[in-house]
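Colleague: Got a structure here, written out as structure tokens. Questions coming.
The values are calculated or read from the model by the stated rules, or taken from the named source; none is laboratory data. Since the model is a prediction, treat every value here as computed from it, not as a measurement. Positions of Cβ are backbone-derived with ideal geometry, glycine not excepted, and every protein chain shown enters the neighbour counts.
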Amino acid sequence: MSNRHYEYSKSTSGNLYHEYSLQGGGKSNRHNEYKPTSGSSKKLKELLLKSDNQVCADCNAPDPKWASANIGVFLCLKCCSVHRNLGLDISKVLSLTLDEWMEEDIDSMVEVGGNSSANSIYEAYVPKGISKPKPNASIEERTKFIRSKYELQEFLKPSLRMVSSKSSFKSCASGVNIDSFYSPATSRNASDPSISIGTLKVKVVRGIDLAIRDFRSSDPYVVLALGQEKVKTSVISSNLNPVWNEELKLRVPQRCGPLKLQVYDHDTFSADDIMGEAEVDLQPFIAAATAFADEDFPDNVQVGRWLKSNDNALVEDSTINFISGIVKQGIHLKLQHVECGELELELEWIPLH
Ligand SMILES: [Zn+2]
């Protein structure tokens, strides 16, 4: 959790109900507009009286005394403590009896409509063999289910599924076939690595505080590699904060590992010196791109995320957005295996047709 410093305002996107199921619900800044409660707690009480809200949304324990305001579910104490551990960006937990509720939070709960509505999204496709924890389930069992349900979002309708960095990083890095993310049209082509599923446009935006490799500066350029392909930017002379804004394209093979990125200092008379490197887990991006490319989807919505963690190079969480029909991702990386340096990129997906 120590890596997480999101503002809560970011997390309207954490509420899939609002994003995907409410038509035209463009109240994206609602969480910035906190106002103290003024008698609207009646609406919350009415909601709580609905039969589906008289049990915990996650384990069916009776008489829930807690709620996740952004997700819109009522929870028992045990499930509530698991939610709290997920972090505020995923679940904003409030007590029904102890906390003072803001109007915005109550509106958010009322808008979702309670446990049944929320679960119709978050538990749309619970695979066979996985069942909800019972009221007396162990903390481990409970945590596993709740994380799968809200953090990894594994039980959503397939077209809405976002891929979390932690699970996807492993499968991507180890070359596990991710055909399941592709549309039926592409997955029919089995898993020939020579088949491209689309093109990745990478805009190398700029470098920040890059390492010194010459006398007082460096002549940096960036090399990107994906599968068999390699492309590079131009060299910028004597600049530790170079601005490239250069767009490079890479064909994306069907089985795709991470995008590998290296920064070098160009030397005319000797071999170029390395100034750091980083890897970009492309799976959340590709999953979102292939899931959303054909959809008639509202504009400017977040469709996926790659989260900062100890085992990746992210400086901050990276969101994947659907903007004017294009899937885009902004990435801010700390270069690895070097004393200093950061790099900013923008990814854009170009579908096959
Ligand atoms: Zn529970």
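Colleague: It is to be established whether one or more residues within segment 87-95 are polar (S, T, N, Q), part of a loop (DSSP other than H, G, I, E, B) and farther than 25 Å from D317 by Cα.
Modeller: Here is the first cut: in segment 87-95, the ones polar (S, T, N, Q) are 91, 95.
From the residues that got through so far, the ones that are part of a loop (DSSP other than H, G, I, E, B) too are 91.
From what is left, the residues that are farther than 25 Å from D317 by Cα are none.
No; the residues of segment 87-95 include none that is polar (S, T, N, Q), part of a loop (DSSP other than H, G, I, E, B) and farther than 25 Å from D317 by Cα.
Colleague: Need pairs with beta-carbon distance below 9 Å; first residue without any contact (Cβ under 8 Å) to a residue 60 or more places away in the chain and surrounded by fewer than 17 Cβ atoms within 10 Å (Cβ to Cβ) and within segment 328-340, second of a type in the set (G, A, S) and assigned to a strand (DSSP E or B); sequence gap 6+ or separate chains.
Modeller: Pairs that qualify, where the first residue is without any contact (Cβ under 8 Å) to a residue 60 or more places away in the chain and surrounded by fewer than 17 Cβ atoms within 10 Å (Cβ to Cβ) and the partner is of a type in the set (G, A, S) and assigned to a strand (DSSP E or B), are G330/S318.
Colleague: Right, next: Being modelled with pLDDT of 90 or more and surrounded by fewer than 21 Cβ atoms within 10 Å (Cβ to Cβ) narrows it down to one residue among S95, S120; which is it? Talk me through it step by step, then tell me what you get.
Modeller: Numbers: S120 fails: modelled with pLDDT of 90 or more.
The unique qualifying residue is S95.
Colleague: Checking the condition crowded, with 18+ Cβ neighbours inside 10 Å, within 13 Å of the ligand (Cβ to nearest atom) and not in a helix (DSSP H, G or I), which residue from F74, F145 passes?
Modeller: The unique qualifying residue is F74.
Colleague: Considering only segment 252-270, state which residues are closer than 20 Å to S234 by Cα and either crowded, with 16+ Cβ neighbours inside 10 Å or not charged (D, E, K, R) (or both). Outline the logic, then answer.
Modeller: Kept after step one, since they are closer than 20 Å to S234 by Cα, are these residues of segment 252-270: 259-270.
Of everything in segment 252-270, those that are closer than 20 Å to S234 by Cα and either crowded, with 16+ Cβ neighbours inside 10 Å or not charged (D, E, K, R) (or both) turn out to be L259, L261, Q262, V263, Y264, D265, H266, T268, F269, S270.
Colleague: Can you tell which of D192, D179 is at pLDDT 50 or above and acidic (D, E)? Can you show your working first?
Modeller: Values: D179 fails: at pLDDT 50 or above.
So the residue among D192, D179 that is at pLDDT 50 or above and acidic (D, E) is D192.
Colleague: Sticking with this structure for a sec: Just one of D52, D58 is acidic (D, E) and assigned to a loop (DSSP other than H, G, I, E, B); which is it?
Modeller: On the way: D52 fails: assigned to a loop (DSSP other than H, G, I, E, B).
Exactly one of D52, D58 is acidic (D, E) and assigned to a loop (DSSP other than H, G, I, E, B), namely D58.
Colleague: Mind listing whichever residues of segment 77-89 are more than 7 Å from the ligand (Cβ to nearest atom) and within 19 Å of E123 (Cβ to Cβ)? Before the answer, list the steps.
Modeller: Applying the first criterion (more than 7 Å from the ligand (Cβ to nearest atom)) to segment 77-89 yields 77, 80-89.
Within segment 77-89, C80, V82, H83, L86 qualify.
Colleague: Inspect all residues belonging to segment 26-35 and state whether any of them is within 16 Å of the ligand (Cβ to nearest atom) and either at pLDDT 90 or above or in a helix (DSSP H, G or I) (or both).
Modeller: Kept after step one, since they are within 16 Å of the ligand (Cβ to nearest atom), are these residues of segment 26-35: none.
Within segment 26-35, not a single residue is within 16 Å of the ligand (Cβ to nearest atom) and either at pLDDT 90 or above or in a helix (DSSP H, G or I) (or both).
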